[in-house]
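The values are calculated or read from the model by the stated rules, or taken from the named source; none is laboratory data. Bear in mind that the values here come from a model prediction, so they are computed numbers and not experimental data. Glycine gets a Cβ as well: all are built from the backbone with ideal geometry, and neighbour counts include every protein chain shown.
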Amino acid sequence: MKAKTRLLLAVLAALLSAGSLVAAYYFTFKPVQIVVATKDFMPGDQITPDGVQMKTVSIGDASPGAVTSADAIIGKTVGLPVLAGQQIVSRVFTAIDIDPDQTLIVLKNPVSPLLSVGQKVSVVVILQEGPMTLGTVEVYSVQRGDEVTYLLSIPQDEAARYAYALSTTKQVYLFPEKIGK
């Protein structure tokens with residue numbers, strides 16, 4: 001191979017390498033503005049100007065569907081829990097509707113397999129008197145992070161019983177129903 005050909009191949013390889021670095025930077029480290037919650041929002045709460053702020057993160061750290069304009073969401077009602085410090089994503093505004101005779105209850109770190117939205121589960125609590133089955137409910141939303149948080153759709157007329165049992169229990173278990181039931 002002639003020296004010119006080797007030099008040309010070396011230049012071509014260098015250009016391809018530089019192009020790869022630029023592409024990697026663009027898709028991984030490019031700074032973007034996202035909206036972050038500065039306080040907790042529970043389902044039914046409206047987004048307020050003092051409850052959000054803009055934050056610059058690399059594009060690789062932005063959640064899929066992250067909201068990029070605080071003004072666009074002020075006054076909107078959230079359908080899923082948003083905790084202070086979390087990125088606000090568009091799916092919190094498009095949560096499924098619940099029936100009028102249902103309400104939502106938050107459950108953190110129960111003993112359960114990984115569950116998905118829409119799945120039916122039996123709620124079992126361990127009280128001083130022994131185990132108690134509260135009933136079968138539907139998983140409304142799932143948030144995974146340092147801890148797993150489930151939002152469960154429960155019957156409105158059972159809310160007080162669920163709240164009492166969940167606040168006095170030693171442990172909560174969620175057992176998924178068999179598929180087809």
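One table, with the values for the structure above:
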{"item": "Residues of segment 116-144 satisfying the condition of being modelled with pLDDT under 85 and either surrounded by fewer than 13 Cβ atoms within 10 Å (Cβ to Cβ) or over 27 Å from the mean Cα position of the chain (by Cα) (or both)", "result": "SER116, GLY118, ARG144"}
{"item": "Qualifying residue in segment 157-164 (condition: outside the structural domain of VAL78 (by TED's automatic domain parsing), in a helix (DSSP H, G or I), more than 24 Å from the chain's Cα centre (by Cα) and among the hydroxyl-bearing types (Ser, Thr, Tyr))", "result": "yes"}
{"item": "Filtered residue count, segment 72-115, keeping only those that are outside any loop (DSSP other than H, G, I, E, B) and surrounded by 13 or more Cβ atoms within 10 Å (Cβ to Cβ)", "result": "14"}
{"item": "Filter result for THR5 (at pLDDT 85 or above, part of a loop (DSSP other than H, G, I, E, B), among the hydroxyl-bearing types (Ser, Thr, Tyr) and not assigned by TED's automatic domain parsing to the domain that holds LEU151)", "result": "no"}
{"item": "Any chance LEU107 is under 30 Å from ALA165 (Cα atoms) and touching a residue at least 60 places away in the same chain (Cβ under 8 Å)", "result": "yes"}
{"item": "Candidates VAL172, VAL142 - the one that is in contact with a Ser or Thr (Cβ under 7 Å, 6 or more places away or on another chain) and either of a type outside the set (Asp, Glu) or without any contact (Cβ under 8 Å) to a residue 60 or more places away in the chain (or both)", "result": "VAL142"}
{"item": "Residues (farther than 17 Å from PRO155 by Cα and in a loop (DSSP other than H, G, I, E, B)) located in segment 119-143", "result": "GLN128, GLU129"}
